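Here the structure comes first, spelled out in structure tokens, and everything after it is commentary.
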Amino acid sequence: MAFTNCSRCGESFHLRITSSESIEELKRKEDAGEVLCISCFRTIKEHDVVEIISLNKNVPEAQIGDSGAVVMVHDNRAFEIECVLSDGSAKWLGSFSREQIKWLQSPNE
């Protein structure tokens, strides 16, 4: 089995290699930092749950590993995310780039 690591979040995942060209393409993408796991590759929509994978100086309350719901998508480049505490109050609300978050789940999946 072939395993690699996501260039964005570092998660290890399995790949299905079908040919020697696939291996060469994987090596090229790994060298260029272009290998993405499904959570970093997937299109993020409103109401999806995401995890913070890198800090944002404009949202100092947000920590790596925090999760939140996407409340607004701006041209698929910026995402307004809200993290809510167990008592229902907001921990933080802020905008993040696609590189700072990864998809966790959709409410209906």
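The helix-based estimate of mean residue ellipticity at 222 nm for the chain, built from -39,500 (n - 2.57) per DSSP H run of four or more residues and divided by its residue count, is -4500 deg cm²/dmol to the nearest 500. A Cα-only calculation for region 11-72 places Rg and Dmax at 15.7, 46 Å. Taking a straight Cα-Cα cut-off under 21 Å and skipping sequence neighbours fewer than 8 places away in the same chain, the lysines within cross-link reach of K102 are K29, K45, K57, K91. Counting only heavy atoms of the protein chains and using a 1.4 Å probe, V73 has close to 40 Å² of accessible surface. Remind me, relative contact order of the chain in percent, using alpha carbon pairs under 8 angstrom and six or more residues apart? With pairs under 8 Å counted, the relative contact order is 24 percent. Among the protein heavy atoms, those of E82 account for about 60 Å² of accessible surface (1.4 Å probe, every chain in place).
What is the calculated FRET efficiency for S19 to N76, with r their C-beta to C-beta distance and R₀ = 22 Å, to the nearest 0.05?
0.10
Across S54, S67, S19, mean-square fluctuation computed from a Gaussian network of the chain (C-alpha pairs under 10 Å connected) peaks at S19. Here H74 sits with roughly 70 square angstrom of accessible surface, probe radius 1.4 Å. Against the criterion of solvent-accessible heavy-atom surface with a 1.4 angstrom probe, R77, R42 sort, most first, into R77, R42.
For the chain, the extents of the C-alpha atoms along the principal axes are 52, 31, 26 Å, listed from largest to smallest.
The values are calculated or read from the model by the stated rules, or taken from the named source; none is laboratory data. Bear in mind that the values here come from a model prediction, so they are computed numbers and not experimental data. Heads up, the Cβs are rebuilt from the backbone with ideal geometry, glycines too, and the neighbour counts pull from every protein chain shown. Side chains included, ligands, DNA and RNA excluded: accessible areas come from the protein's heavy atoms. Shrake-Rupley method; radii C 1.70, N 1.55, O 1.52, S 1.80 Å.
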